[in-house]
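Working notes, beginning with the structure itself.
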Amino acid sequence: AQVERMLADPRAEEFVKNFVGQWLQLRNLEIRARPDIKMFPDFDDNLRKAFRQETEMLFAHVLRENRPVHELLTANYTFVDERLARHYGIEGVTGARFRKVNVEDSNRWGLFGHGSLLSLTSASSRTSPIMRGKFILTEFWNNPPPAAPANVPALEVSAPVDRPSTVREQLERHRADPACAACHDFIDPVGFALENFDVDGSWRDTTRDGLEIDSTGILLDGTPVNGPAALRNALSADPELFASTVTEKL
């Protein structure tokens with residue numbers, strides 16, 4: 001009864017914003033989610049705010065409706081206005097009011113498909129499997145990787161100079177050093193699974209240079225993953241792990 005009374009209080013809105021803002025780092029959206037305007041000319045502050053509201057509304061819905069906590073990962077629905085629906089390719093949504101809609105594409109289900117997290121964990125001009133992998137391992141698996149050494153060169157140093165290359169290829173060249181490979185074997189497969197999501201959270205099958213995206217990988221426990229749905233299934237295979245992680249974060 002006390003929990004229901006507290007959740008009915010308007011102050012519960014602040015709880016949602018504060019907790020999600022800290023746990024999923026939405027407080028950093030304004031600073032860190034800044035795709036290169038020349039590469040992503042349609043990205044603006046309205047879309048950034050919509051990203052935030054979508055994630056806050058999903059968490060609030062799961063909380064208030066007393067849904068299983070793992071539905072944050074598996075929800076086949078989300079909350080969008082017209083601007084965000086158009087960005088995701090969801091049809092039939094008009095106007096500025098956010099509403100609950102079904103999501104047909106299983107790759108977009110749950111938090112892994114939210115533009116807020118995907119843009120936060122990208123550089124301005126390219127995706128970052130390292131940032132995304134570290135984020136998910138830390139905030140969803142509660143198993144943060146060790147800090148990187150201070151003298152790690154920028155990823156672009158590993159790019160071939162005579163032809164276009166994918167971020168994956170650059171990482172494979174970068175991790176040729178055995179000292180780097182140990183951590184990258186832990187982080188990279190998680191990040192690669194989300195590589196089809198571009199810097200702004202939109203879906204892509206190829207890079208801007210026309211190179212095919214490879215989202216395959218093998219997690220440290222031997223589980224093969226290929227794309228967001230497989231990564232979600234791998235994490236959901238142990239429901240207690242995610243539940244205990246959210247509890248500790250809370």
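Has the stretch 173-190 got at least one residue that is at pLDDT 75 or above, closer than 21 Å to His70 by Cα and crowded, with 18+ Cβ neighbours inside 10 Å?
For the stretch 173-190, residues at pLDDT 75 or above, closer than 21 Å to His70 by Cα and crowded, with 18+ Cβ neighbours inside 10 Å: present.
Checked against the criterion of being without any contact (Cβ under 8 Å) to a residue 40 or more places away in the chain, of a type in the set (S, T, N, Q) and outside any loop (DSSP other than H, G, I, E, B), the stretch 93-104 has at least one qualifying residue.
Please pick out the residue among Gly113, Gly95 that is under 23 Å from Asn226 (Cα atoms), open to solvent by less than 70 Å² (accessible area, probe 1.4 Å) and not polar (S, T, N, Q). Working first, answer last.
Numbers: Gly95 fails: under 23 Å from Asn226 (Cα atoms).
Gly113 is the lone residue from the list that is under 23 Å from Asn226 (Cα atoms), open to solvent by less than 70 Å² (accessible area, probe 1.4 Å) and not polar (S, T, N, Q).
The residues on offer are Arg108, Arg48, and the sole one that is touching a Leu at 6+ places or on another chain (Cβ under 9 Å), closer than 17 Å to Asp198 by Cα and either buried (at least 18 other Cβ atoms within 10 Å of the Cβ) or at pLDDT 95 or above (or both) is Arg48.
I need the full set of residues from the stretch 71-92 which are open to solvent by 70 Å² or more (accessible area, probe 1.4 Å) and farther than 12 Å from Leu58 by Cα, in order please. Result: Glu82, Arg86, Glu91, Gly92. The set of residues from the stretch 36-82 being assigned to a loop (DSSP other than H, G, I, E, B) and charged (D, E, K, R) comprises Asp36, Lys38, Asp42, Asp44, Glu65, Arg67, Asp81. List the residue pairs whose Cβ atoms are under 8 Å apart, where the first residue sits in the stretch 11-22 and is on the phi < 0 side of the Ramachandran plot, the second is loosely packed, with under 12 Cβ neighbours inside 10 Å, and the two are 6 or more positions apart or on different chains. Qualifying pairs under 8 Å: Ala12/Met6; Phe19/Leu250.
When the stretch 186-209 is filtered for residues that are assigned to a loop (DSSP other than H, G, I, E, B), out of contact with any Phe, Trp or Tyr (no Cβ under 9 Å at 6 or more places or on another chain) and in contact (Cβ under 8 Å) with a residue 40 or more places away in the chain, the ones remaining, listed by number, are Glu195, Thr207, Arg208, Asp209. Within the stretch 41-63, residues that are among the basic types (Lys, Arg) have Cβ atoms under 6 Å from residues that are open to solvent by less than 60 Å² (accessible area, probe 1.4 Å) in these pairs: Arg48/Leu29; Arg48/Ala33; Arg52/Leu26; Arg52/Leu29; Arg52/Ser116, counting only partners at least 6 apart in sequence or on another chain.
The values are calculated or read from the model by the stated rules, or taken from the named source; none is laboratory data. Because the structure is predicted, anything quoted here is derived from the model rather than measured. All Cβ positions, even for glycine, are placed from backbone atoms using ideal geometry, and neighbour counts span all protein chains on display. Ligands, DNA and RNA are stripped out before the accessible areas are found, and what is left, the full protein with its side chains, is counted by its heavy atoms. Shrake-Rupley method; radii C 1.70, N 1.55, O 1.52, S 1.80 Å.
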